[in-house]
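Nothing in this text is a laboratory measurement; each read-out follows from the coordinates by a stated rule. Everything quoted here is computed from the prediction, not taken from an experiment. When we count neighbours, we look across all protein chains shown, and the Cβ atoms used for this are built from the backbone with ideal geometry, even at glycine.
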Amino acid sequence: MDPRHVRSVTAFLARKGFQALIVGGVVMERQGLAGTTDVDVLVAVSEFAEASTRLAGDPKVEDFGVEESTAKGFLRLGNKRIRFDLLDPSYFSGTRSGDEFFRYAWNHWATDEDIGRTALPPLVWYTRLLVESEAYLERIADDLDDGAPAEWLDQALQIARQFKNETRIRERLRKLNEIRPIGRSGAGNTRARE
Amino acid sequence: MKLETGLFREPGEHSLPRDLAVPVSKTRGRPKLEYRLRVKSEADVVRLRRHGVPLALLTPELVAKNGYPLSFRPRLLVPSSLRSVVETTFPTLELRDEETVRRMSVEDLVAVMLKVRRLAARQLVRRNLDRMDPVRLAERVFVENLLGSASRVRLSEFVAGLPQTVPSMPEADLAAEDAQVYGD
């Protein structure tokens, strides 16, 4: 995805008062892996709660809507529309508060990049492992096939321990292992699955 | 033991561009040269294709042009028959049949994506139903031995006669993916 578009989204969100941590496919893409062309950001709980108030009426924001733990919309940039998703950190915080998770992610699993504060890949995998849909396990399996290091899964488990949802993550890892047996290191160049 | 193939030019045959087809040895006693193909850029692939060499570059632009925006590292598609004679800086993806690489129709693209991103392959099928030949797609899936991947993302929904050989992802998860709308 064009980094200028990502920057436009994060700059727009900053103007609207959001402290946004970039997660999702944009992070993986910067590691040379695949990503869909949308910008996922994690925001603080209070900011997520105010997402509608802050964004819904803005003329640059189109098709805005909130579904459970995700607020989705499109940012109009000239003749382009950039899809963005705001994620509620409470979904990922296990036994602790959403804001504790947000702060932990921001302080320990992120770096400052030209596109904005950007999560490290193990944090993205942690969030993907917690989402119910098997589509997110597929994405992790694809990343592993593309050479992503399996150590990122160990680090995702490390994050899970902080939030007491290690059991859940281990269940998901078992499922992931059914989709793609997990080795101890990345798979190198693209491999045929069959 | 494995079978290795070579790329040779017979006397009188049109030559490939010298910077792309690099001679490696002269076969003793015969006026034939053995070549290796050196591929460093998309332009190299275009030139070799013009000369009838079955190579292709899988790019995000190609996938986006067919209706699904996805970022990924380009991969050089190489038929198994040429694998040992291609030197490239691109990650490579090996296909069983030269025809998949040579044509690169939307059906071939779906087959290739089944090896790279199965969910994207499904979306390509959904977004190109009106111009897709299901018979050719089924044939590509069989030829490239991709029934498992096709089953996982339930391509049998769109391609009659494609057997479901392994359980697919849950229907609700596929429906949620189908419902995703991305930007321009």
Does anyone have the angle between helix A:166-179 and the longest principal axis of chain A? Alpha-carbon axes, 0 to 90°, nearest 10? 70
Return the sequence-ordered ³J(HN,Hα) values of region B:151-157 in whole Hz as given by the Karplus equation 6.51 cos²θ - 1.76 cosθ + 1.60 applied to θ = phi - 60°, using x for Gly and Pro. 5, 4, 9, 6, 5, 4, 4
Taking every residue of B:143-150, the Cβ atoms of other protein chains inside 10 Å of its Cβ average out to 2
Rounded to the nearest 0.05, what FRET efficiency do A:Arg103 and A:Lys60 give with R0 = 51 Å and r taken as the Cβ-Cβ distance? Could you check? 0.95
Output the relative contact order of region B:39-184, whole-number percent, from Cα pairs under 8 angstrom with separation of 6+ residues. 17
Compute the Cα gyration tensor for chain B, then decide on rounded, prolate or oblate, letting a ≥ b ≥ c be the square roots of its eigenvalues: rounded whenever a/c is under 1.5, prolate when a/b is larger than b/c in the other cases, and oblate in all that remain. prolate
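For chain A, what is the percent of antiparallel DSSP beta bridges, rounded to the nearest 5? It would help to have the intermediate numbers written out before the result.
On the way: 20 of 26 bridges.
Beta bridges within chain A, antiparallel portion: roughly 75 percent.
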Percent of beta bridges antiparallel (DSSP, the protein assembly as shown, rounded to nearest 5): 70
Angle between chain A longest axis and helix A:151-162 axis [Cα atoms, degrees, rounded to 10]: 70
Take peptide B:108-115, look around each residue's Cβ out to 10 angstrom, count Cβ atoms belonging to other protein chains, and average those counts. 1
Highest mean first, what order results for A:90-100, B:156-166 on Cβ atoms within 10 Å? A:90-100, B:156-166
Label-point gap, in nm, between B:Lys40 and B:Gln164 - each point 7 angstrom along Cα→Cβ: 5.1
Give me the inter-chain shielding for A:132-142: mean count of other chain Cβ atoms within 10 Å, whole number please. 5
When the convex hull of its Cα atoms is projected in every direction, mean area for chain A (nm²): 10.9
Please sort B:63-69, A:108-114, B:120-126 by packing, taking for each peptide the average over its residues of neighbouring beta carbons within 10 angstrom, highest first. B:120-126, B:63-69, A:108-114
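Tell me, what does the Kirkwood hydrodynamic radius of the protein assembly as shown come to in angstroms if you use every pair of distinct C-alpha atoms? Write out the running numbers ahead of the final one.
Working: mean 1/r = 0.0444 Å⁻¹.
About 22.5 Å, per the Kirkwood formula over Cα pairs.
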Percent relative contact order of region A:3-179, based on C-alpha pairs within less than 8 angstrom and at least six residues apart? 20
Hey, in the GNM for chain A with a 10 angstrom Cα cutoff, which one of A:Ala148, A:Ala20, A:Ala135 fluctuates hardest? A:Ala135
